[in-house]
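What follows is a single structure, written as structure tokens, with notes after it.
The values are calculated or read from the model by the stated rules, or taken from the named source; none is laboratory data. On a predicted model such as this, the values are computed, not experimentally measured, just so you know. With ideal geometry, Cβ positions are generated from the backbone for all residues, glycine too; neighbour counts draw on all protein chains shown.
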Amino acid sequence: MLVECYDERGAEVYEIIIKQIFQDLVLGPSVDDLRAYVNPDDPVFVLAIKMKKTSNAVAFGDVANLSYVKEEDITRIIIDDENYLPNILKQLWKRYSRDEIYQPNRYQLEIAGNHVDLQTIIVDDPRSNLQRRVYDAIFRILPEGFKIIKDMSVDDIVAVVATDELIADAWIEKANDYIAELSGK
């Protein structure tokens, strides 16, 4: 972690704030590195965070078996991994009303009609979940009143430039330097 600020005490304070927020959100183990630039004279805050690699997205077909029962005109879903049941139900409720989904037992769901195409629907995306948590941390870290925000995220690096004025080219350049540094380029 590197926090750049012309005021050494200010850098220490922001480092403490960042560590506290990461601890509160349990983000420490999920982040490889972080770069921050703070300059109170030019109201700017540049932050770049490199996320660790996550497991792959989980599709419906990876955690459940879908089969169309032609005689009954229903799609029967047998849950293989109960840990994903809440995510599966959430995805189904987005597409169908709760009344359309029949759950005769804990491991089985039924929907009228042929819906075996659901197999490719993503039910859990760890990378997206981590990215959402990192953005949450960023918005907690940014100084109050910095409403002009430019998202410069690339791949596994979440980067933002925030200010309460027009964004200067030098700040964008600083963010690009951080991105290059964190990505090893």
* Does any residue in the range 6-30 that is surrounded by 12 or more Cβ atoms within 10 Å (Cβ to Cβ) come within less than 6 Å, Cβ to Cβ, of a residue that is among the β-branched types (Val, Ile, Thr) and assigned to a helix (DSSP H, G or I) six or more places away or on a different chain, and which pairs are these? -> ILE18/ILE141; ILE21/ILE141
* Asked: Can you spot a residue in the range 125-132 that is within 30 Å of ASP42 (Cα to Cα) and in contact with a Ser or Thr (Cβ under 7 Å, 6 or more places away or on another chain)?
  -> no
* If we scan the range 24-34, do we find a residue that is on the phi > 0 side of the Ramachandran plot, within 21 Å of the chain's Cα centre (by Cα) and not in a strand (DSSP E or B)? -> yes
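To keep it simple, each residue is scored yes or no on (1) surrounded by 13 or more Cβ atoms within 10 Å (Cβ to Cβ); (2) among the hydrophobic types (A, V, I, L, M, F, W, C).
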site: LEU85; (1), (2): yes, yes
site: ILE111; (1), (2): yes, yes
site: HIS115; (1), (2): yes, no
site: THR120; (1), (2): no, no
site: PRO126; (1), (2): yes, no
site: ASP136; (1), (2): yes, no
* Asked: Out of all the residues in the range 54-66, is one or more surrounded by fewer than 16 Cβ atoms within 10 Å (Cβ to Cβ), assigned to a helix (DSSP H, G or I) and in contact with a Ser or Thr (Cβ under 9 Å, 6 or more places away or on another chain)?
  -> yes
* **Residue that is farthest from MET51 (Cα to Cα) [pool: residues in the range 152-163 that are surrounded by 13 or more Cβ atoms within 10 Å (Cβ to Cβ) and not small (Gly, Ala, Ser)]** => THR163
* Structure fact -> The lone condition TYR96 fails out of (1) out of contact with any strand residue (DSSP E or B) (no Cβ under 6 Å at 6 or more places or on another chain); (2) under 29 Å from ILE21 (Cα atoms) is (2)
* Asked: Of the residues in the range 67-82, how many are part of a strand (DSSP E or B) and loosely packed, with under 13 Cβ neighbours inside 10 Å?
  -> 3
* Asked: Would it be correct to say that ALA137 is in contact with a helix residue (DSSP H, G or I) (Cβ under 8 Å, 6 or more places away or on another chain) and not in a helix (DSSP H, G or I)?
  -> no
* Structure fact -> Of the residues in the range 165-185, those that are surrounded by fewer than 13 Cβ atoms within 10 Å (Cβ to Cβ) and not in a helix (DSSP H, G or I) come to GLU165, LEU166, GLY184, LYS185
* Asked: (1) touching a residue at least 60 places away in the same chain (Cβ under 8 Å); (2) in the same structural domain as VAL26 (by TED's automatic domain parsing): which one isn't true of GLN119, the others all being true?
  -> (2)
* To do: Those residues that are of a type in the set (A, V, I, L, M) and under 20 Å from PRO43 (Cα atoms), I need them from the range 151-169; list them, please.
  => MET152, ALA159, VAL160, VAL161, ALA162, LEU166, ILE167, ALA168
* Does the range 68-85 contain any residue that is polar (S, T, N, Q), touching a helix residue (DSSP H, G or I) at 6+ places or on another chain (Cβ under 7 Å) and outside the structural domain of THR163 (by TED's automatic domain parsing)? -> yes
